[in-house]
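Report on one structure; see the data block that follows.
The values are calculated or read from the model by the stated rules, or taken from the named source; none is laboratory data. Treat the numbers as computed from the prediction; the structure is a model and nothing was measured. No Cβ is skipped: glycine too gets one built from the backbone with ideal geometry, and neighbour counts run over all protein chains shown. Only protein heavy atoms, including side chains, enter the accessible area calculation; ligands, DNA and RNA are left aside. Shrake-Rupley method; radii C 1.70, N 1.55, O 1.52, S 1.80 Å.
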Amino acid sequence: MSGQVAESATLTKKDFVSDQEVRWCPGCGDYSILSQIQKVLPELGVPKERYAFVSGIGCSSRFPYYMNTYGFHTIHGRAAAVATGLKTARPDLSVWVITGDGDGLSIGGNHLIHAIRRNIDLKIVLFNNRIYGLTKGQFSPTSEVGKITKSTPYGSIEEPFNPVFLALACNATFVARTIDREPKHMQQVLRRAAEHKGVAFVEVLQNCSVFNDGAFENITDKKVKKEQQLLLEHGRPMRFGPGGEKGIRMRDLTPEVVTLGEGGIAEDDLLVHDEAAPEPTLALLLARLGFPVYPTPIGVLRAVDSMPYDRAVHEKIAEIQKSAGPVGDAAMQELLSGRATWDVE
Amino acid sequence: MTQTVQPLESVTIRFAGDSGDGMQLTGTQFTNASAIAGNDVATFPDYPAEIRAPAGTLAGVSGFQVNFGSVDIHTPGDELDALVAMNPAGLKANLDILKPNGVIVLNTAAFKAANVAKAGYTEDPRGDGSLDAFQVVEVDMNKLAAAAVSDMGLNSSVVGRTKNMLALGLMCWLYERPLEPTIDWITRKFASKGELAEANIRVLKAGHSYGETAEIFHSRFRVEPAKLSTGTYRSITGNQAVALGAVAASARSGRPLFLGSYPITPASDILHELAAHKRFGVVTFQAEDEIAGVCSSIGAAYGGSLAITTTSGPGMALKSEALGLAVKAELPLVIVNVQRGGPSTGLPTKTEQSDLFQAVLGRNGDTPIPVIAARSPSDCFDAMYEACGIALEYMMPVILLTDGYLANGAEPWLIPNFGELPQLATHVWKDADTFHQCKRDADTLARPWGLPGTPGMEHRIGGLETDIETGNVAYGGPNHQEMTDLRHERVARIARSYAPTEIDGPGRGGLLIVSWGSTYGSVRAAIESSRGDGIDVGHVHLRHLSPLPRDLGEILSGFDTVLVPEMNMGQLAFLLQATYPVRVKRLNRVEGRPFKRSEILAAIREHSGEER
């Protein structure tokens, strides 16, 4: 094992770039996500051959072709299900699921919630661009009410999903949100996700420059981001604003934006982030914050320890094998024979 | 008094009662005792879809039919020699298949006015003359059971639930079946509940003693052991045999077994059976839906497992897109469809063979998948073993068709010697220097199975069309034609490995019966009868439905008439006519039960001697 770690320590980003031409549209946020993952993987101490990328269908799901790792481009919505089988059969692999808001939250919603519920050790990266890109521009399950698209010429009337809120409702043990145009932040979040033992759900706010350009502009634009992003740091009071002069405090069960110094409000009055809280209450509350009333939380909302499904499966098998004794031809013969036999002479 | 003992070649009996009366269990125990007594057996469990349909009604009747004999038994029997009716509904639902002068054993405790009415009788059938043609034996099973355990201080509902053991003990006496197998089973089943074990054993013995002392029967019946091949036997159902076939194939291929499955009647018992075999490293994954069942298996196959998924018709429909992925990605996978009556939810607990089109044809695109079918409960082991072997050897998904009758039916199984089962080769590739995902085996055209985790063999697979040389995504027309041709050729080549098709009876001549799946037993039984009548017919039973055997066309052309009996509206007949220049006569029944021997016999009489 140590030999492999030493070898993997010499890996660089280049080792993870495949020979395939990347075919996303110019200016697509997916390029940045690809680049950050290729930068982070060599630093994790995992041999390259242990990585497997599994995707569904959609723009984001072309991702495995561009990674020089094992990769499986499956069918629409089913990446989490295929990856669940792979990881359950092969817990030694580092299995990543690449999905989008349509693939993961619409056609594949059932597999996504159950993968999270089981806490199977998958790294799920959901590219959220709030639109169907590959089918050329229909509203998605994360599109906002009123969204004008080809299939909603008079505006969408559907309430969108909030991906991190959904993941937390499934009791996800690791939930984070990051942004395509914040490479350093994304790298930190991806590293944390990779190191988490259990399911890791990462929502990336990703710009579709062709069908939904500027969907996150009001949060991610340089001019407004300090005002509109709440950078979460474990153990730190929740402050934001250009000079950190604003904060979030609780009034009864409702969060409130306050300005430090005004009306005697001090840092001690603010909410303090605790990503490791055993109950997801704080994380759920944070997941609901967003434009226009609140800044949008960015970073790790929740990270708690719990037994991963795949490890539990194999521990149970090992335990039974230990008590039942070795499996050889005699044991197989016993299995075929069952309990009640008779002889014909 | 000494009773006479009447020798019989074969006997068919049916236990019938409410869904909660334990009829399936009673029938299973009687079957096991018969098998251990050396008879050949065939069973037909027949129960409603509801767990507890309204008590006492015809809709709630659960039956278990068993045919046992000193001769080869191919079917569960057309007509009953004896009927055990635990209530009026059980009597009414089955009287039409009881032979004249057949034995009826009634539980009189259940013949109260309310129950008689619930069964749809206007008056008690015991007094209206409708049973005059039969030998009716009236037994108050509840009272006898209560008396047997009167000193145990059990509450009355517990005592009431032992009455099936009274019936079982009585029938074991009547047909000279040993009680020991049932006593052993009760002891194991209630190992932690000694009181229940004792109560059930006491009532079982009380039923036996009642037969011995009460002089209610004119005679006992003796069915001598059958002349089965020598060796060690067990009783096995189709679902058990599928599960064991998979474990054996895993052991013989060296690939760990993975089952991804969603519960569905009548396939769930395969999941239950395999979940118990963790000792053999078996991973069972109860998925969130049918799609995840097959997709998780595809993921496990990608990781190097011998992966299988089990389902029935409606679940098969949900899996079809993923089957296309397995074809495109060239991953080994076995899909077991335990067929039931359709369309839609259909008849969940009743048998049918109507998913043949779905198996052979039911996918988007030109997407061939080999299809094989089992012919008897124990044959499910061989069929599953073969399906796993094809999947591994050819690197492709394989569909195994069984059905509700095979799944739940039981028969004696000559236990194979594990050490003699053939090794199953795989295409697992270890050498990175010589690996390329498109480098195919010259014989099978299988691609190498390059498993994640192997250094230096990183590559991508997927559902998009790929270049035949490089494996990269490719949308070109000529390449798509080549890849499509390749997928067809890969499946077609499987037929080269088939043994020559066996023809039972004359190799050419008048009438040929072509059958597949679970109709095997009924057809065999009918042909044996027709030969007894001097009508000889040929019989071909197909294990391989796709690709069809290469010698089948020539065989078909050697007969004046080809008859295909199927529990569907003519699906194999259609495929044969689409493949060969042959006109096919059809015999189709979808009544939720296996063919009766007499139905096939009538068709043989009708079609034998016909000119083309």
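Structure notes:
- Per-residue accessible area (protein heavy atoms, 1.4 Å probe) orders B:356, A:285 as A:285, B:356, starting from the largest.
- Against chain B, whose longest principal axis is taken from its Cα atoms, helix B:194-213 shows a tilt of about 60°.
- Folded to 0 to 90 degrees: helix B:163-174 orientation relative to chain B principal axis, Cα: 80
- Looking at the range A:189-343 alone, DSSP beta bridges between its own residues are antiparallel in about 75 percent of cases.
- If R0 is taken as 45 Å, the Cβ-Cβ distance between residue B:579 and residue B:470 corresponds to a FRET efficiency of 0.80.
- Summarised in one figure, the compactness ratio Rg/Rh of the range A:2-215, Cα atoms and Kirkwood Rh, is 0.96.
- Only protein heavy atoms count here; under a 1.4 Å probe, residue A:342 has an accessible surface of about 20 Å².
- Label-point separation in nm, residue B:508 to residue B:143, each point 7 Å along Cα→Cβ: 7.1
- Whole-Hz ³J(HN,Hα) from phi, Karplus 6.51 cos²θ - 1.76 cosθ + 1.60, for the range B:88-96, glycine and proline x: x, 5, x, 6, 5, 5, 10, 4, 5
- In range of the label at residue B:528: residues from the range B:578-612 whose backbone nitrogen is under 19 Å from the point 7 Å along Cα→Cβ: B:594-605
- Using the 1.4 Å probe convention, the accessible area of the range B:1-48 works out to 32 Å² per residue with neighbouring protein chains retained.
- Of the solvent-accessible surface of the protein assembly as shown, computed with a 1.4 Å probe and all protein chains present, 51% belongs to carbon and sulfur.
- Positive-pole candidate from A:129, A:27, A:247, dipole of chain A, charges at beta carbon: A:27
- Probe 1.4 Å - accessible area at residue A:246, Å² to nearest ten: 50
- With 22 Å as the limit, the listed pairs B:112/B:163; A:39/B:328; A:147/A:184; A:197/A:316; A:123/A:147; A:136/A:222 have A:39/B:328; A:147/A:184; A:123/A:147; A:136/A:222 beyond it between alpha carbons.
- Per DSSP, loop chymotrypsin sites (Phe, Trp or Tyr not before Pro) in the range B:458-533 with at most 15 further Cβ within 10 Å: B:475, B:498
- Residue-level accessible surface for residue A:293, protein heavy atoms, 1.4 Å, Å²: 100
- Around the amide H of residue A:152, modelled in the peptide plane, lie the amide H atoms of A:139, all under 5 Å away and 5 or more residues distant in sequence or on another chain.
- The dipole here belongs to the range A:2-215: it is taken about the Cα centre, uses +1 on the Cβ of Lys and Arg and -1 on the Cβ of Asp and Glu, and is about 200 debye.
- Note on chain B: percent of Cα-Cα distances in each 20 Å bin, starting at 0 and stopping at the bin with the largest distance, equals 19, 48, 27, 6, 0.
- Listed residue (A:190, A:216, B:359) projecting farthest to the positive dipole end of the protein assembly as shown, Cβ model: A:216
- Across the protein assembly as shown, the volume of the C-alpha convex hull divided among the residues equals 218 Å³ per residue.
- Selection among A:230, B:349, B:484 by position relative to the dipole of the protein assembly as shown gives A:230 as farthest towards the positive end (Cβ unit charges, Cα centre).
- Cleavage-rule hits, trypsin sites (Lys or Arg not before Pro), the range A:80-185, DSSP coil, Cβ neighbours within 10 Å at most 15: A:136, A:150
- Each residue of the range A:261-273 was assigned a 3J(HN,Hα) from its phi angle through the Karplus expression (A = 6.51, B = -1.76, C = 1.60, θ = phi - 60°), giving x, 7, x, x, 6, 10, 4, 4, 7, 7, 5, 10, 6 Hz with x at Gly and Pro.
- About the Cα centre, charge dipole magnitude for the protein assembly as shown (Lys/Arg +1, Asp/Glu -1 at Cβ), debye: 1440
- Student exercise, chain B dipole from Lys, Arg, Asp, Glu Cβ charges, in Debye to nearest 20: 700
- By accessible area with a 1.4 Å probe, ligands and nucleic acids excluded, highest first: order of B:172, A:25, A:59, A:170: A:25, A:59, A:170, B:172
- Contact order relative to length of chain B, as percent, for alpha carbon pairs under 8 angstrom and 6 or more apart: 12
- Chain B: antiparallel DSSP beta bridges as a percent of all, rounded to 5: 30
- Long-range amide H partners of residue B:545 with built H, under 5 Å: B:371, B:372, B:373
- Where B meets A: accessible area buried, both sides, 1.4 Å probe, Å²: 5300
- Listing of the range B:278-295 residues, each with accessible area lower by at least 50 Å² in the full protein assembly than in the chain alone (probe 1.4 Å): B:278, B:279, B:280, B:283, B:285, B:288, B:295
- Computed label-point distance, nm, for sites residue A:345 and residue B:557 using a 7 Å Cα→Cβ extension: 5.4
- Taking every DSSP beta bridge that has both ends in the protein assembly as shown, the antiparallel portion is near 35%.
- Globularity ratio of the range A:237-310, using Cα Rg and 2.2 N^0.38 Å: 1.23
- Axis angle, to the nearest 10 degrees, between helix B:180-189 and the longest C-alpha principal axis of chain B: 70 degrees.
- Computed lengthening from residue A:337 to residue A:257, 0.36 nm per intervening residue step minus Cα-Cα distance: 21.7 nm
- Think of a 1.4 Å ball rolled over the protein heavy atoms: the range B:573-612 then has 59 Å² of accessible area per residue.
- Projected label distance in nm at residue A:312 and residue A:15, using a 7 Å step from Cα toward the beta-carbon: 3.4
- Under-5 Å amide H pairs with residue B:586, H placed in peptide plane, nonlocal only: B:564
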